[in-house]
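The values are calculated or read from the model by the stated rules, or taken from the named source; none is laboratory data. Computed from a prediction, not measured in an experiment: that's the story for all the values here. With ideal geometry, Cβ positions are generated from the backbone for all residues, glycine too; neighbour counts draw on all protein chains shown. In case anyone asks, the SASA skips ligands and DNA or RNA and just uses the protein heavy atoms, side chains included. Shrake-Rupley method; radii C 1.70, N 1.55, O 1.52, S 1.80 Å.
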Amino acid sequence: MTSRVDPSDLPYRPCAGIALFNTEGLVWIGRRVDWPSEAEGPGERWQMPQGGIEEGEDSVVAARRELAEETNVRSVSYLGETDWLRYDLPAELVGKAWKGRYRGQRIKWIAFRFGSDDSEIDVDDPGPGYTPEFSAWRWERLDRAPELIVPFKREVYEAVARRFERFTTAKG
């Protein structure tokens with residue numbers, strides 16, 4: 001017999017999301033590596049980098065760490081951040097994703113301006129000890145990001161697009 005997990009009994013996973021803008025005002029997106037054990041369910045999708053915030057870690061520090069772990073990018077300057085945004089996992093993933101410990105994520109989104117050339121970006125070998133999370137990447141218009149993300153994160157991406165729209169102008 002399978003017991004159902006009541007999502008209201010679970011907390012949200014604290015997470016840092018990264019909106020990395022190039023000098024043309026485009027945002028970095030990556031195509032997720034599709035693993036059957038993927039926490040948010042299998043399927044091809046694009047997203048901006050994100051990852052868990054460790055206990056006691058500042059959200060901007062976590063964002064810089066996650067960005068380096070997932071993309072090898074370190075040449076960034078801080079632009080701004082959102083308040084906490086959150087999403088709930090679909091019912092079929094509650095109790096399974098992230099070892100069943102969370103009902104979804106609460107995310108503080110951090111915007112950075114990329115200060116190098118594209119050769120710094122390496123999703124195939126982001127750094128020692130890190131497993132690639134992306135199989136491809138590209139620069140994209142921020143307003144298109146919500147339609148490329150897994151549907152249950154769409155509202156969060158729409159909020160990020162509204163709040164960070166001011167960073168989408170070219171900064172040569």
Residues that are touching a residue at least 24 places away in the same chain (Cβ under 8 Å), within 19 Å of Ser77 (Cα to Cα) and open to solvent by 20 Å² or more (accessible area, probe 1.4 Å), drawn from the stretch 141-165: Arg163
Out of (1) within 19 Å of Gln47 (Cα to Cα); (2) of a type outside the set (S, T, N, Q); (3) in contact (Cβ under 8 Å) with a residue 24 or more places away in the chain; (4) open to solvent by 20 Å² or more (accessible area, probe 1.4 Å), the one Arg103 does not meet is (1)
Being in contact with a Lys or Arg (Cβ under 6 Å, 6 or more places away or on another chain) and either among the hydroxyl-bearing types (Ser, Thr, Tyr) or more than 30 Å from Arg166 (Cα to Cα) (or both) is the filter here, so list the residues in the stretch 71-93 that pass it. Ser77, Thr82, Tyr87
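Restricting the stretch 28-49 to residues that are of a type in the set (D, E, K, R) and within 23 Å of Ser59 (Cα to Cα), which is modelled with the highest pLDDT?
Arg32
Criterion first (open to solvent by 20 Å² or more (accessible area, probe 1.4 Å), at pLDDT 95 or above and among the small types (Gly, Ala, Ser)) does Gly25 satisfy it? Reasoning before the result, please.
Values: open to solvent by 20 Å² or more (accessible area, probe 1.4 Å): no; at pLDDT 95 or above: yes; among the small types (Gly, Ala, Ser): yes.
When the stated conditions are applied, Gly25 does not pass them.
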